[in-house]
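K.L.:
Structure in structure tokens, see below.
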Amino acid sequence: MNSMRRIGAITTKELKQLSRDRVTFGMVVMIPLIQLLLFGFAINSVVRDIPIAVVDLSGNVAARIITEQVRVTQVVTITAFYDTPAEAEAAIVAGKVRAALVFPENLMQRVTSGQPVGQWLVDGSDTMVGSALLALRSMPLLLGAGAPQDAYRMPDPSFEVALFFNPERRSAVNIVPGLAAIILTMTMIMFTSIALVREREQGNLELLITTPVHSLELMVGKLIPYIFVGIIQVTIILGLGRLIFQVPFQGDFASLAIVTLAFIAASLTLGLLISTIAKTQMQAMQMTFFILIPSILLSGFMFPYEAMPVPAQYISEALPATHFIRLIRGVVLRGANAAQLLPDILWLLAFTTIMLAIATKRFRKSLD
Amino acid sequence: MTESAIQARQLTRHFGDVVAVDGVDLEIPRGQIYGFLGPNGSGKTTIIRMLCGLLTPTAGDISVLGLKIPTQAEALRLKIGYMTQKFSLYDDLTVAENMQFMGRIYGLRRSDARERIEQLLDRYALAAMRDRLAGAMSGGQRQRMALAIATLHSPTVLFLDEPTSAVDPENRRDFWEKLFDLSDGGTTILVSTHYMDEAERCHQLAILETGQLRNHGTPIELMGQLDGRVVEITGSSLRQVKEQALQLPQVQSTAQQGLQLRVLLRRGSTDAVGYLREQLGNTELSIELTKPSLEDVFVASTGSGDGR
């Protein structure tokens with residue numbers, strides 16, 4: 001009873017302080033909002049409208065038909081026509097275009113013999129742009145009425161090409177749920193890690209530890225307000241993701257709540273552990289970023305987990321964000337329910353328990 | 001149970017190579033105001049923290065209200081109030097909110113807490129600023145609030161670590177009035193200070209220097225120890241007299257106070273006036289014995305280190 005009263009006292013106090021700290025309170029809402037708009041619009045792994053030039057040495061109608069087919073893929077925008085490949089190369093070097101499509105003089109001969117019909121000159125310095133154009137290499141071409149249908153060989157259909165060419169393929173669908181993981185990692189760990197360190201820095205802790213409050217009560221009381229903060233943030237991200245980026249929601253709310261709470265708990269306890277190690281708010285911030293950077297790069301948010309080398313995958317597995325990204329993409333995009341995703345949920349709960357145990361053990365009511 | 005509220009034997013604390021507290025023995029009777037007098041770094045805060053169970057002694061035994069510290073520190077929490085040297089309440093909560101928070105932390109029932117808070121707001125003249133943020137109050141107001149909160153759960157022992165360091169003399173006097181009220185009600189109060197006037201108000205005093213207990217007793221006793229050793233010299237060119245006096249083997253220290261030079265002689269000195277008159281050889285000077293002050297006690301107990 002006293003224990004509940006003390007936890008309640010700490011939670012109430014924390015909420016009051018939070019509501020009076022306008023900057024932090026604003027951050028609770030602004031971080032997800034701004035990040036969502038920023039990442040949702042800016043991060044786009046589907047490359048579109050790459051400026052290219054066309055060099056047609058054949059003067060043949062087939063060149064115009066093929067050019068038109070390349071243009072409608074929307075991967076490229078044709079911004080210039082040059083007479084010689086040398087001019088096109090100069091334009092690439094100058095950065096005016098990222099690539100040039102060159103049709104040789106013997107275009108018709110190549111079409112009829114099934115040879116490659118043209119050459120892409122590609123600025124390979126940006127790998128994303130490069131691979132988008134490389135994908136065009138094997139795009140299927142139809143020469144229509146202008147040429148005999150059996151006169152050339154269709155290249156084998158490639159599904160990567162099909163994916164890229166699907167105009168409905170939008171990055172936001174993949175980015176938004178992942179963004180929930182990144183933003184929660186950032187805010188949850190940062191807020192809690194700072195919360196306890198601030199009490200230490202401002203001397204409040206010296207008084208608190210002479211009171212009957214138990215370490216665990218102090219920890220739990222401090223975490224509760226941030227659970228609400230986390231729920232608000234996820235709601236903002238997924239709600240706006242749906243409104244602005246039409247991110248579908250295939251799953252059920254109960255599963256969403258379970259996986260989100262499991263991740264919030266894991267992040268909060270990690271923040272708590274940091275707060276028992278850090279001596280100053282500055283150190284707490286640094287440690288938060290130490291966790292945040294790999295959470296962005298290695299969690300599967302930016303790059304597919306499968307593409308990472310095995311040692312990176314081990315690190316990835318140790319990050320709560322990795323498990324949450326799998327969970328929330330599963331629930332939101334594939335309509336999976338909590339039972340189907342049990343291993344990752346259990347992992348997060350085990351992580352929470354271990355972190356809370358270590359943090360409580362580390363936080364001794366003493367100044368030694 | 002003993003009559004002492006606090007007992008410590010050979011209390012020692014090291015921080016790495018630094019010896020912060022070195023074999024201190026304490027015996028603090030119940031219901032008294034007991035003062036720790038010492039310069040910064042003399043170990044006052046470290047001793048208080050050890051007595052509260054916040055720091056583990058490197059060596060020595062502590063018993064507070066019959067409880068072994070630090071092993072039984074949790075049982076002690078409800079019985080002690082602690083006012084830290086640095087203001088340790090929440091700047092971004094109001095006076096009333098701070099009190100409500102600590103009341104709940106101490107497990108006071110809502111109705112009891114409300115009643116107690118009203119009582120304390122009234123007693124410590126804080127009622128008018130109950131809704132003011134703690135961060136927006138003056139030093140004296142914060143001090144009153146901190147004391148009110150330290151006594152919220154009616155503790156038997158109060159630890160006050162330099163409670164008046166940021167308070168003007170007027171507020172300091174009020175503050176001490178409150179301490180005497182509490183002491184009158186049976187509360188044992190341990191207060192550290194580096195103000196002589198405050199130390200003089202304590203029932204008993206311990207003088208600390210570099211972690212060691214240099215002297216202890218009631219202020220009257222302590223000053224009595226110096227009878228016959230404090231001399232006041234009046235006359236001209238006192239700066240020169242001072243230089244001259246400091247060369248004498250029997251002189252422990254000198255301090256000029258306006259037109260007078262106060263000279264403290266070493267322990268064992270007899271006929272202080274005659275000795276000085278002979279040694280200084282200046283017939284124009286008026287040399288008289290005077291009543292020792294607590295400052296003399298402090299200087300005699302510390303500084304050159306040969307103590308009582």
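K.L.:
Roughly how big is the B-A contact, given as buried accessible area in Å² (both sides, 1.4 Å probe, nearest 100)?
P.N.:
In total, chains B and A hide about 2700 Å² from solvent.
K.L.:
Hey, can you list the DSSP H helices of chain B whose Cα span along the axis is 20 Å or longer and whose average Kyte-Doolittle score is at least 0.5? Could the numbers behind the result be given before it?
P.N.:
Working: long enough: B:169-184 (22 Å, -1.50).
Going by DSSP H runs, there are no hits.
K.L.:
Quick check: net charge around A:H323, other residues with Cβ under 10 Å of its Cβ, Lys/Arg +1 and Asp/Glu -1?
P.N.:
-1
K.L.:
Let me check against my output: what whole-number percent is the relative contact order of the stretch B:4-218, with C-alpha pairs under 8 Å and at least 6 apart? Write out the running numbers ahead of the final one.
P.N.:
Values: 417 pairs, mean separation 68.8, N = 215.
Answer for the stretch B:4-218 is 32 percent.
K.L.:
What does the accessible area per residue of chain A come to in Å², with a 1.4 Å probe and no ligands, DNA or RNA counted? Each step should come with its number before you reach the end.
P.N.:
Numbers: 17550 Å² over 368 residues.
Ligands and nucleic acids excluded, the figure is 48 Å² per residue.
K.L.:
Still on this structure, please answer the following. Please figure out what share of the DSSP beta bridges in chain A is antiparallel and state it in percent, rounded to the nearest 5.
P.N.:
Of all bridge pairs located within chain A, approximately 25 percent are antiparallel.
K.L.:
May I ask you to find the residues of the stretch B:37-51 that are shielded by at least 30 Å² of accessible area once the whole protein assembly is considered instead of their isolated chain (probe 1.4 Å)?
P.N.:
Residues of the stretch B:37-51 that lose at least 30 Å² of accessible area once the other chains are added: B:R49.
K.L.:
Take peptides A:286-292, B:155-161, A:80-86, B:20-26 and line them up by average Cβ neighbours within 10 Å, highest first, as a rough protection proxy.
P.N.:
B:155-161, B:20-26, A:286-292, A:80-86
K.L.:
Would the stretch A:170-362 count as rounded, prolate or oblate if I go by the C-alpha gyration tensor, calling it rounded below 1.5 in a/c and otherwise prolate when a/b exceeds b/c, oblate otherwise?
P.N.:
Prolate shape, in that a/c is at least 1.5 and a/b is the bigger ratio.
K.L.:
Okay, next question. Modelling each spin label as a point 7 Å along the Cα-to-Cβ direction, I'd like the A:V310/B:D25 distance in nm, to one decimal.
P.N.:
Placing both labels 7 Å along Cα→Cβ, they lie 7.0 nm apart.
K.L.:
Give me the net charge of B:I69's neighbourhood, meaning all other residues with Cβ under 14 Å from the Cβ of B:I69; Lys, Arg count +1, Asp, Glu -1.
P.N.:
Here the count lands on +4.
K.L.:
What FRET efficiency comes out for A:E201 versus A:F41 if R0 is 35 angstrom and r is the Cβ-Cβ distance? Round to the nearest 0.05.
P.N.:
Efficiency for this residue pair is about 0.35.
K.L.:
What full-extension length gain, to one decimal in nm, is calculated for A:I34 and A:A257 as 0.36 nm per residue of separation minus the Cα-Cα distance?
P.N.:
78.0 nm
K.L.:
By how many nm would the segment from A:L15 to A:I293 grow when fully extended, if each residue of separation counts as 0.36 nm and the alpha-carbon distance is taken off? Can you show the working numbers first?
P.N.:
Details: separation 278, 0.36 × 278 = 100.08 nm, distance 2.85 nm.
Result for the pair: 97.2 nm of gain on full extension.
K.L.:
What is the distance, in nm, between label points placed 7 Å from the Cα along the Cα-to-Cβ direction at B:Q256 and at B:T283?
P.N.:
2.6
K.L.:
I've got another one for you. Percent relative contact order of the stretch A:269-350, based on C-alpha pairs within less than 8 angstrom and at least six residues apart?
P.N.:
About 19 percent, as a whole number.
K.L.:
Place a point 7 Å from Cα of B:R267 in the direction of its Cβ. Which residues in the stretch B:213-243 have their backbone N less than 20 Å from it?
P.N.:
Within reach of a label on B:R267, which here means backbone N under 20 Å from a point 7 Å along Cα→Cβ, the stretch B:213-243 contributes B:213-231.
K.L.:
Express as a percent, rounded to the nearest 5, the fraction of DSSP beta bridges in the protein assembly as shown (both residues included) that run antiparallel.
P.N.:
60
K.L.:
Report, in deg cm²/dmol and to the nearest 500, the calculated mean residue ellipticity at 222 nm for chain A, where each DSSP H run with n ≥ 4 adds -39500 (n - 2.57) and the sum is divided by the residue count.
P.N.:
-21500 deg cm²/dmol
K.L.:
Separate question: Taking 0.36 nm per residue of sequence separation and subtracting the Cα-Cα distance, how much length would be gained by fully extending the chain between B:F15 and B:E118, in nm to one decimal? Write down the numbers at each step before the final one.
P.N.:
Working: separation 103, 0.36 × 103 = 37.08 nm, distance 4.25 nm.
Full extension from B:F15 to B:E118 adds 32.8 nm.
K.L.:
Which of rounded, prolate or oblate describes the stretch B:228-291 when judged by the alpha-carbon gyration tensor and an a/c cut-off of 1.5?
P.N.:
Rounded, since a/c falls under 1.5.
K.L.:
Return a whole-number percent for the relative contact order of the stretch B:64-163, with Cα pairs under 8 Å and 6 or more residues apart as the contact set.
P.N.:
47
K.L.:
Also, quick follow-up: Please work out the C-alpha center-to-center distance from the stretch B:145-192 to the stretch A:261-297 and express it in whole Å.
P.N.:
40
K.L.:
Compare A:I31, A:I65, A:I236 in a GNM of chain A, Cα atoms joined below 10 Å, and give the one with the largest fluctuation.
P.N.:
A:I65
K.L.:
Would you be so kind as to identify which of B:P249, B:L259, B:V273 lies farthest towards the positive end of the dipole of the stretch B:228-291, taking Lys and Arg as +1 and Asp and Glu as -1 on Cβ and the Cα centre as origin?
P.N.:
B:P249
K.L.:
Report, to the nearest 10°, how far helix A:320-334 tilts away from the longest principal axis of the Cα atoms in chain A, using its own Cα long axis and a range of 0 to 90°.
P.N.:
Compared with the principal axis, the helix lies near 60 degrees.
K.L.:
Going by a ≥ b ≥ c, the root eigenvalues of the Cα gyration tensor, does chain B fall in the rounded group (a/c under 1.5), the prolate group (a/b larger than b/c) or the oblate group?
P.N.:
prolate
K.L.:
Quick check: pseudo-label points 7 Å beyond the Cα along Cα→Cβ at A:D49 and A:N106, how many nm apart are they?
P.N.:
Placing both labels 7 Å along Cα→Cβ, they lie 4.0 nm apart.
K.L.:
What do you get for the angle between helix A:281-297 and the principal long axis of chain A? Use alpha-carbon atoms, 0 to 90 degrees, nearest ten.
P.N.:
30
K.L.:
Just the number, please: carbon plus sulfur as a percent of the accessible area of the stretch B:50-117, 1.4 Å probe, no ligands or DNA/RNA counted.
P.N.:
Taking all protein chains in place, the stretch B:50-117 shows 50 percent carbon and sulfur surface.
K.L.:
Measuring from centroid to centroid over Cα atoms, what is the spacing of the stretch A:225-240 and the stretch B:61-76 in Å?
P.N.:
46
K.L.:
If you take the beta carbon distance between B:R132 and A:K361 as r and set R0 to 35 Å, what does 1/(1 + (r/R0)^6) give as a FRET efficiency, to the nearest 0.05?
P.N.:
Plugging the Cβ-Cβ distance into 1/(1 + (r/R0)^6) gives 0.35.
The values are calculated or read from the model by the stated rules, or taken from the named source; none is laboratory data. Just so you know, these numbers come straight off a predicted model, no measurement behind them. Positions of Cβ are backbone-derived with ideal geometry, glycine not excepted, and every protein chain shown enters the neighbour counts. SASA here: full protein model, heavy atoms, side chains in, ligands and nucleic acids out. Shrake-Rupley method; radii C 1.70, N 1.55, O 1.52, S 1.80 Å.
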